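Notes follow once the structure below has been shown.
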Amino acid sequence: MFRGATSLNMDVKGRLAVPAKHRDALQAQCAGHLVLTVHPHRCLLMYPQPAWEPIQAKMMALSSFDKQSSMLQRLLVGHAEDIELDSAGRLLISPVLRDFAGLEKQAMLVGQGSHFELWNMEAWRAQLERVMSAEDMVLPTELEGFSL
């Protein structure tokens, strides 16, 4: 279970050091084998490889003749890259994925339970601002009656 938001610094080669608590969990869960892909919100999604495989299978089971399905397949599966934690616990983010998400020196790694989101710092702040300024936040029907 991946939780929490962590500010990370990317080096000039495009490497990010994964926090130790997540690094240990990723080593235990998938031996450091990950899949990194894009999200329509202009962030990256990072999955342990075993968690990604059923998602990819579902995506590829969709009809390639359906316009929306094929667009999602191109986006999510077409950009998916297999990556590995190096011996120092770092990830190398390809130039294509860095460009898509606008990743620069500072990034945010945000745990989402089964996976992570990786955000450009300014885009992350803008995302939080949109959430915090929503006067009439409409919750999905699945959350009716939900309380914290």
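S94 falls short on exactly one of the conditions (1) open to solvent by 60 Å² or more (accessible area, probe 1.4 Å); (2) of a type in the set (S, T, Y); (3) within 29 Å of L128 (Cβ to Cβ), and that condition is (1). When the stretch 97-148 is limited to residues that are open to solvent by 30 Å² or more (accessible area, probe 1.4 Å) and polar (S, T, N, Q), the one that is nearest to Q29 (Cα to Cα) turns out to be S114.
Filtering the stretch 98-113 to residues that are touching a residue at least 40 places away in the same chain (Cβ under 8 Å) and either of a type in the set (D, E, K, R) or closer than 17 Å to P48 by Cβ (or both) leaves R98, E104, K105, L109, V110, G111, Q112, G113. Taking every residue in the stretch 44-66 that is under 29 Å from A123 (Cβ atoms) and pairing it with any residue that is acidic (D, E), at least 6 positions away or on another chain, the pairs with Cβ-Cβ distances below 8 Å are L44/E117; L45/E117; M46/E117; Q49/D82. When A28 is tested against the conditions (1) small (G, A, S); (2) modelled with pLDDT of 95 or more; (3) open to solvent by 20 Å² or more (accessible area, probe 1.4 Å), the lone failure is (2).
The values are calculated or read from the model by the stated rules, or taken from the named source; none is laboratory data. Just so we're clear, the structure is a prediction, and the values are computed from it rather than from any experiment. Every residue, glycine among them, receives a Cβ derived from its backbone with ideal geometry; neighbour counts consider all protein chains shown. Note: areas computed on protein heavy atoms with side chains; ligands, DNA, RNA excluded. Shrake-Rupley method; radii C 1.70, N 1.55, O 1.52, S 1.80 Å.
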